[in-house]
2 protein chains.
Amino acid sequence: MAKIDDVARLAKVSKGTVSNVFSQKRPTSNEVRERVMSVSRQLNYVPNHTARSLVTKKTMAIGLTIPHGSFFFSAFHTQFINGVILEAAYYGYRVLLDIIPVHEVKTPFLTSYPIDGAVVMRPTANDERINLMHMGQIPFVTVGHVMNENIEHSTSVDNDNVQMMSNICEYLVGKGHTDIMFLNANEHMTVSIDRKASFIQAMKVRGLDVEEYMIHHKPPELNSSEYMDYGYEETIDILGKQKKKVTAIIADDDRTAFSVLNAIKDLNLSVPGDVSIFVICGDNSMMVQSNPSLTSMDLQPSELGAQSVRLLMHQLGVLQGDYDENIIVEGKIIERNSVSTIGHEEDRK
Amino acid sequence: MAKIDDVARLAKVSKGTVSNVFSQKRPTSNEVRERVMSVSRQLNYVPNHTARSLVTKKTMAIGLTIPHGSFFFSAFHTQFINGVILEAAYYGYRVLLDIIPVHEVKTPFLTSYPIDGAVVMRPTANDERINLMHMGQIPFVTVGHVMNENIEHSTSVDNDNVQMMSNICEYLVGKGHTDIMFLNANEHMTVSIDRKASFIQAMKVRGLDVEEYMIHHKPPELNSSEYMDYGYEETIDILGKQKKKVTAIIADDDRTAFSVLNAIKDLNLSVPGDVSIFVICGDNSMMVQSNPSLTSMDLQPSELGAQSVRLLMHQLGVLQGDYDENIIVEGKIIERNSVSTIGHEEDRK
DNA sequence: CTGAAAGCGCTTACAG
DNA sequence: CTGAAAGCGCTTACAG
C-alpha cells in the first residue's frame, strides 16, 4: 500500500508530478515518467481511487438500478446488463448494482451514492428510485418512460412497443395468419399495456377482431413452487379443450415459447405446420437451439443498454455534442423456422 | 450539495458532532441529534461517501467478478448473483460488477479497486484475476477451487460435484435406470471434469459401464448464430438414429433439458414413460413450467452466493468468530415428474 | 456528551 | 515541464 509520497520521495519528484504521470493530464518528460513508473512498479504503487474521487468529484461508477422483489433475469435483462457493462467499461466506468426496492425506500441515503449517474430499469408509476435520483441530483436514464409527477424532462431509451406489435401483426397477417393468440407479459407492466393495445389496433386496421380469449397475461411472479405452467396451460386449454382456431401464437419471451411448443407437441400438432410461434425478445442462442428454431422479434437489449450508457455519458459531459434525450431502438424480426406461410400451402393444393 | 460544515454551522455544533449523529459511533444527546437532523433535512444533507471512505479506508462495496468473453447468465448465475446482492445489502455493502477478461489483463489497475473484497465466479487455472486480487491484497472468495500456483490458502464456496453426481446416479439407478446418457457442460470447465469422472465412478461402483456415447459435452459457446442445437441433436442422434438404449438423460442445465424434451417428443416417445430426464441446476420456476415438470438437482446457487458474502464478511472483520474457509453447499434433489421408476413398471406386467 | 485540530491520499491552480 | 501548497469532505484520537 505505497502512497504517492513514497513514490515522489524515491523518484525525487513532487507528488504533483507523480500524479501527472498517472493521470496524463499534463505532459511529463520521458526521463521523469520512466523514473516514476519504475519506482511505482517497485513499490507496487497504484493511485488510490477514493482519494482521487474526493478531489475530482467523480466516482467513475454508474449505478444500475434493478427492482429487487422477485428478482429474475430474463434474456432481456441479461443482455441489457451486458450492454451496459461493456459500454461503461469502454468509457472507463464501473457498474454498481443497486437494489432499491421499488416501494418502501426506508433509509434513502445513509451516505451519498458513490456513483456519477444511474441507469434505471423498469421504472414504475411514480417510481421512488427516480425521485431519489432527482433529489440527489444524480443524472439518470431510464429504460422506458418515466411516469413521475414533478419530473418533466427525462432521458430514456426504449423500444417502440406500438410499432413493434404492429410490425409483428403485419408479418403474421402477411403470411396468411388471421387467428393469432397473444401471450402477453404481466398485466401491470407498461410494456404489456402498450403491446396489448397495439395488438388489438393492428389487427383491427387489418379488419380482424381480437376476441378476449386471444389475449392472455402472464400471472404475476409467484413463489417458484406455485408458478403455473402458463404458456403450456393456455395453449392446451384454448387449442385443445376449447378447440379454438389458432394458427399462430405470439409469446412474450423464450421460456413461454418453449412451454407453448411443448404443449403443441403434446396436442400432436406440429410447429410450424399446424401452429406457428413468434417470440418477442428471448435469448437468440436458445431460440436457435430449439427445434424448430424460433422466429422472433429481437429487441436488441444489449444495444439498449449501450445507448443508455451513452446517454449518461452525454449528461456527464464525457461525450460531447448534441443528442436525442429519448432514444428508440428498433426491433428486428429474425426469421427462423417456426412461422409458416398459410397462403403458400394453400396454393400448393 | 450541502457539506458537513454547513450543517455544523447552522446547527451550532462541531463537525465532529454532526459526524457522530450520522455514523452513530458515539452517543449524542437527543437535543443535539434532533437539531442536527432537522438542519440536515432542511439542507438536504447526506454525508459524502467518498470522503468518508478516504478516512475509514472502507468503500463498503464488494466486487463481483464475472468472466467477460461470451458473457451469459445461466439460471445458476442469476440466482447466485441474487444471493450475493441480498446478503451484501444485509451487511450494508454494495456490489460492484467487475468484468476483467479471464486472460489478457492489460492495464491491471489504472487506480486501485474501490472495493473492500471480491467474489470471484468461475476461477480458471492460474486465473489472472486472482493473482491481481492477491497482489492488491484484496480479500476474496471464489466459487470453486482456486488453481493458481503460489496461492496456497484461499476461501471458497462450492458444491460437492463428486458427491452430487454420485447422488444422482444412486437416485436413477435406484429407480431401475442402467442406461443413462449424460449431457455435460463445456469440456473445459472444472465442474464438468469433476462431474464426468464422478459419473463414471458412480456407475462403475454399481457394476455399470459407461460407454463413450453416453457422455457428451456442450460445445464451447460460439456466436449465437452458429450455436448448434446440442441437446436436441444428441438426443435425436443417439436415441433416434443410432437406436441406442437410453432410459434416462441427465442434462446439465434447464435449457439443454428443454431441448432434450423437445427431441424426445419429436421421436414420438414420452417423458418419463419412455425416457426420463434429470436436470442439474436450472431455474426452478422454469422446470415447474415444463410439461412434464422436470426433476432436478438444486445446487442452491443463491445459498452459495450468500455464503460467499458471509465468508468475505468474516475476512473483513464484519463477522466475528471462527469459520470454515471452504464451504460446501449441499445439492438437493427435487422430485418432479420427469423420472419414472422402471422396476415398478416391470412389476406391473 | 462535545469541540478543535490533524490527517486520510490524492489533484489542481498558481508560480516559475 | 516541474514544484509547493492548499484543499476535497469527512473521521478520529485527544482533551475536556
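The values are calculated or read from the model by the stated rules, or taken from the named source; none is laboratory data. This is a predicted model, so every value here is computed, not measured. Glycine also receives a Cβ, built like all others from the backbone with ideal geometry; neighbour counts cover every protein chain displayed.
Of all residues in region A:115-125, at least one satisfies being assigned by TED's automatic domain parsing to the domain that holds A:ASN148 and at pLDDT below 75.
When B:GLU149 is tested against (1) assigned to a loop (DSSP other than H, G, I, E, B); (2) surrounded by 17 or more Cβ atoms within 10 Å (Cβ to Cβ), only condition (2) is not met. The residue list B:LYS3, B:LYS57 contains one member that is under 27 Å from A:ARG94 (Cβ atoms), more than 10 Å from DNA strand C (Cβ to nearest atom) and not polar (S, T, N, Q), which is B:LYS3.
Among the listed residues A:ASN268, A:ASN262, identify the single one that is free of Cβ contacts under 8 Å to residues at least 60 places away in the same chain and buried (at least 18 other Cβ atoms within 10 Å of the Cβ).
One residue alone meets the criteria, A:ASN262.
Every residue in region B:6-32 that is within 9 Å of DNA strand C (Cβ to nearest atom), surrounded by fewer than 16 Cβ atoms within 10 Å (Cβ to Cβ) and more than 17 Å from A:SER112 (Cβ to Cβ), please. Answer for region B:6-32, where residues must be within 9 Å of DNA strand C (Cβ to nearest atom), surrounded by fewer than 16 Cβ atoms within 10 Å (Cβ to Cβ) and more than 17 Å from A:SER112 (Cβ to Cβ): B:LYS12, B:SER14, B:GLY16, B:ARG26, B:PRO27, B:SER29, B:ASN30, B:GLU31. Residues that are part of a helix (DSSP H, G or I) and free of Cβ contacts under 8 Å to residues at least 40 places away in the same chain within region A:123-146 comprise A:GLU128, A:ILE130, A:ASN131, A:LEU132, A:MET133, A:HIS134, A:MET135, listed in sequence order. Where helices (runs of 4 or more DSSP H) sit wholly within region A:1-57, those with at least 2 residues that are within 10 Å of DNA strand D (Cβ to nearest atom) and at the interface with chain B (Cβ under 9 Å from one of its Cβ atoms) occupy A:49-56.
When you check B:ALA263 against the structure, is it among the small types (Gly, Ala, Ser) and modelled with pLDDT under 95, yes or no?
Details: among the small types (Gly, Ala, Ser): yes; modelled with pLDDT under 95: yes.
Considered against the rule, which asks whether it is among the small types (Gly, Ala, Ser) and modelled with pLDDT under 95, B:ALA263 comes out as yes.
Residues in region A:40-62 that are closer than 18 Å to B:GLY136 by Cα and aliphatic (A, V, I, L, M): 3 in all. Being under 20 Å from the mean Cα position of the chain (by Cα), among the small types (Gly, Ala, Ser) and outside any loop (DSSP other than H, G, I, E, B) is true for just one of B:SER166, B:SER156. Which residue is that? Testing whether each residue is under 20 Å from the mean Cα position of the chain (by Cα), among the small types (Gly, Ala, Ser) and outside any loop (DSSP other than H, G, I, E, B) leaves just B:SER156. Selection of region B:33-54 for residues being loosely packed, with under 12 Cβ neighbours inside 10 Å and near DNA strand C (Cβ under 8 Å from one of its atoms) yields an empty set.
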